[in-house]
Structures are given as structure tokens and as C-alpha cells.
Amino acid sequence: MKMQYANYQPYPYYQNHMQSPQEIKKAHDLKTLQKKSSGLGFYILTYFLSMNIIVVGITFLLTVSTMLNMDISNFDTETLTQYIMSKLTSGPVFYYMQIFAAAASATITGLIYLKLSKTHISDCLSVKSVKPTMLIALVLMGLGVSMVSNVAADLVSSNFSLIGIEYSLNMDMSSRSVFENILYVVAIAVTPAFAEEFAFRGILMGSLRKYGNSFAIIVSAVMFGAMHGNIIQIPFAFILGLIFAYIDCKANSIIPSIIIHFINNFYSVIMDILQSQNIVTTRSFYIIYYSIFTAMLVFGVLAFLYIMKKDKNFLSISDTSNVVSLSLKEKIKCFFTSAGTATIVVILILETIIASVAL
């Protein structure tokens, strides 16, 4: 008898497991993005760990050196610990340590990541020149947002101080020399401007831009905020991360964010020097503080209006992506659930919790 196949239907198992070309493409894009995300997550992890290892290592060596060159028999444990910590957190030693740790951890781990991932530095780090007028406008606009963020952070910090929570390192800054002040500027304003922009707006955001600018901006801002390690700075650092990243994407260059980052930190350092070293009266300090804030805010608004006049599409971001099969939500989920990113995020959360509890 001749068998009839006209009404043949595939078994349900095969029906359910037959993927369309779109599903195959989506699965491939997810796998590719997850691999890239995990690699970048482990880069941020090694950046974070190496910075802390360098600080701990230098601290240990300096502690041993200090103890070998003093008679510790006259000190009890608590007094000796306080004495050593005062030596390590004051004077040029502290700033040298911060400068070296920040610069070395960002550049060395960054270069290792580029080598292992077979990525050319020009593929993720754009240093294209920007027209002077547009560069000035972008910097002023960025500083305007930064000033608002700084004042908001100061107000929040002051409220925390009222209930006994301090997020500042207790250092005697009243008797620093000119040379120590210069080192302070280099450690807090110059080095982070280059090291952190290289890590977050350079390697991290630059590597992810091919998956979409919006995705790269959000992810880099979240990681930048999380790296600051305390509950006061994290939200404001996240906002600054968004602004820095957005401006760099519009300029297609990392130069604007380096300048904004430097000036923002430099302003904070100068204000701290004026206040902690009693260079001006309290009244004069607040006049200077809010005068600069007001001026930067006004210039920021004017710069924004100028930019909007020159570029009507400034508030819209080009989001051309190599993974059109994935939505923004899917890409963000893929990034933060990858092995490398999940690991560093858990560590940063624990660090923030421990820092909060310790206070």
C-alpha cells in the first residue's frame, strides 16, 4: 500500500525548536555582547583591585619602613597605629601614593585588556580635535551641570554630617606647604581627569559604542558612579558620568570630558584649600563659592543655548548599532548579567555597604 504524506505534520518538539533567521541572529548578538561585556567587566574589576592592591602594598612597605626606623617600645598598639596613619595620610607621601595608584591601575590594566581583546586603542579611544568654539561651549555646559551636582552633593553631605556620618578622610590640611598643595591638585584634579576618563569614557564606553551610543553612555555612567564607593557620591557621579559620556559622544572625542573633569575637580580642590587652610574668612569663602557657582551656571545655560543654535539635533543621540536585533533593555541586561560585570558590581555594592556600616 502506498503511504500518504500529504497531511504530515512535524512533531511538536521540532516545531518548537526550529529558529527563525531573526532568532538565530539575536542569539548570536547576545553571545557576542555577553563576551564583550564580561571582558570589560573583568577589566573594571582588575582596575579596581590593582588600585587597591597598589595602595595596600605601598602602605605596608611604608609602615614597615617607619617601624624599622623608630623605637616602637615606647608606644602601645593604638598610639603606634595612629602615629603611622598620620604619617601615611599627611604630607607628600599620601599624594604620591594616590597619583601612582590611579595612573598605574588605569593605564596598565587598560593596555593589558586591549592586548588580550586584540583591540587597537584607536578603536575605543577617540582624541579627535574639536572646533575651539564648540569645545568651549561643551566644556561650559558640562561645568554648569557639574556645579549643580557639586552643590547638591555638598548639601546632602552636610545633612549626613548632622547625624554624625562623615565621608571625608580626616587629614590635617591646615599646615600644608605650597609643594603639598601642588601635589594635592595633581592627585585629585589632574590624575583622575586622565586616568578615569581613559578607563570609563575611553576603554569602557568606547568599546561599547558600536552596540549603540545610548547603551554605552548608560553603562559607563553606572560603572563610573559605582566606583566612587559611597552612597553620597554615587548618584551625583552617575549624573556627571551621563553628562561626560553624552558630550564625548556628541563631540566624538574624549577631550571635552577630560577638560570638564579636571576643572570640576580643580575647583573642588581650590575651595578645600581656601577653607581648610583659613586663607579667607568663612564669609569670603561662601561669597567666592556661590559666585563661581552662579557664574558657571549662567555660562552653562548660555553655552547650551549656543550649542542648540549650532546643532538642532544636539538633544538626540545617534544610536546606530551592530546589534539591531537587541533592544536597549536587553543590551543593558546582557551587560550586567555577564560574569565579569556581575562580579565587579557585587564587589562594589559590598564595598559601599561596608563603608556605610563602618561610619
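The values are calculated or read from the model by the stated rules, or taken from the named source; none is laboratory data. Worth saying up front: this structure is predicted, and the values here are computed from it rather than measured. These area figures cover heavy atoms from the full protein model, side chains too; ligands, DNA and RNA do not enter into them. Shrake-Rupley method; radii C 1.70, N 1.55, O 1.52, S 1.80 Å.
For the chain, what Kirkwood radius comes out of the mean inverse Cα-Cα distance, in Å?
It is 23.2 Å.
Dimensions of segment 285-349 along principal axes (Cα, Å, largest first)?
49, 36, 13
Project the alpha carbons of segment 235-283 onto their principal axes and report the range along each, largest first, in whole Å.
43, 22, 13
Would you give the gap between the C-alpha center of segment 268-286 and the C-alpha center of segment 29-93, rounded to a whole Å?
Result: 30 Å between the Cα centres.
Which residue, Phe285, Phe336, Phe48, tops the fluctuation ranking in a GNM of the chain built on C-alpha contacts under 10 Å?
Fluctuation is largest for Phe285.
When the chain is modelled as a GNM with alpha-carbon springs shorter than 10 Å, which of Leu40, Leu242, Leu49 fluctuates the most?
Of the options given, Leu49 has the highest mean-square fluctuation.
Give, to the nearest whole percent, the P(r) tail of segment 282-323 beyond 14 angstrom, counting all Cα pairs.
In whole percent, the share of Cα-Cα pairs in segment 282-323 beyond 14 Å is 66.
Can you compute log10 of I(q)/I(0) for segment 34-92 with the Debye formula, treating each Cα as one identical point scatterer, at q = 0.13, 0.19, 0.20 Å⁻¹?
For the requested q values the scattering log ratios are -0.50, -0.74, -0.79.
Can you send over the carbon and sulfur percentage of the accessible area for segment 230-358, probe radius 1.4 Å, protein chains only?
Taking all protein chains in place, segment 230-358 shows 70 percent carbon and sulfur surface.
Provide the per residue accessible area, probe 1.4 Å, for the chain, rounded to a whole number of square angstrom.
Computed with neighbouring chains in place, this is 56 Å² per residue.
Compute the Rg to Rh ratio over segment 182-257 from the alpha carbon atoms, using the Kirkwood formula for Rh, and round to two decimal places.
Radius of gyration over Kirkwood radius for segment 182-257 works out to 0.99.
What does segment 97-139 give for Rg and for Dmax, in Å, if only its C-alpha atoms count?
Reported Rg and Dmax, both Å: 14.8, 39.
Taking N as the number of residues in segment 44-134, what is its Cα Rg relative to 2.2 N^0.38 Å?
So the Cα radius of gyration is 1.62 times the expected 2.2 N^0.38 Å.
Could you tell me which of rounded, prolate or oblate describes segment 221-359, using a ≥ b ≥ c as the square roots of the eigenvalues of the alpha-carbon gyration tensor, with rounded for a/c under 1.5 and, failing that, prolate when a/b is larger than b/c and oblate otherwise?
Judged from the Cα gyration tensor, segment 221-359 comes out oblate (a/c at least 1.5, b/c at or above a/b).
Any idea what log10 I(q)/I(0) is at q = 0.15, 0.20, 0.24, 0.33 Å⁻¹ for segment 316-359, Debye with uniform C-alpha scatterers and no solvent?
-0.57, -0.73, -0.84, -1.06
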